[in-house]
Amino acid sequence: MTTKSIDETLEPSKIASLIRNHITGDLGILENAYIDANKNAIQKGERVLSTYILQGQKVFIITEWDRSITMVLYADEYSSREKVLNVFQD
């Protein structure tokens, strides 16, 4: 799943490349502590985060703990994403 902003600013092939990186363990520009947390998350079935910089903006790729969805969004959209997903969880 991608946000409208991602769809409007990134080519589909670039989005696919980022997702491929995320899936294969290239977590982008994460600090070591976050890389370790992601390794544990993969083993324990928790949320996995990758972070990349594209066109001067930070892009998050997040796979939910149950692996039901992977979301591609700009970092500044993250809090809005949480609000949207929380509506569906209620």
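Local charge sum around Gly28 (other residues, Cβ-Cβ under 13 Å, Lys/Arg +1, Asp/Glu -1)?
After counting each charged neighbour, the total is 0.
Just to be sure I follow the definition: excluding the sites themselves, where is the longest run in the chain that has none of the GluC sites (Glu not before Pro) in a DSSP loop with at most 16 other Cβ atoms within 10 Å?
1-30
What's the tally of Lys pairs in the range 4-89 whose alpha-carbon atoms lie under 23 angstrom apart, where the two lysines are 8 or more places apart or on different chains?
For the range 4-89, qualifying lysine pairs total 6.
With +1 on the Cβ of every Lys and Arg and -1 on the Cβ of every Asp and Glu, and nothing else charged, how large is the dipole of the range 4-89 about its Cα centre, in debye rounded to the nearest 20?
140 debye
For the range 4-89, compute the orientation-averaged projected area of the C-alpha convex hull (one quarter of its surface), in nm².
Projected over every direction and averaged, the Cα hull of the range 4-89 covers 5.8 nm².
Highest GNM mean-square fluctuation, the chain, Cα pairs closer than 10 Å: which of Thr70, Thr24, Thr51?
Judging by the Gaussian network model, the answer is Thr24.
Net charge near Gly56, counting Lys/Arg +1 and Asp/Glu -1 over other residues with Cβ under 15 Å of its Cβ?
With Lys, Arg at +1 and Asp, Glu at -1, the neighbours total +1.
I need the phi-derived Karplus couplings for the range 52-61: 6.51 cos²θ - 1.76 cosθ + 1.60, θ = phi - 60°, integer Hz, Gly and Pro marked x.
So the J values, rounded to whole Hz, are 10, 10, 9, 6, x, 10, 7, 10, 9, 10.
Are there trypsin sites (Lys or Arg not before Pro) in the range 1-80 that DSSP marks as loop and that have at most 11 other Cβ atoms within 10 Å, and which are they?
Answer by residue number: Arg67.
None of the figures in this text is laboratory data; all of them are computed from the coordinates on show. Not measured: the values here are computed from a predicted model. Cβ coordinates were reconstructed from backbone atoms using ideal geometry, including for glycine residues, and neighbour counts include every protein chain displayed.
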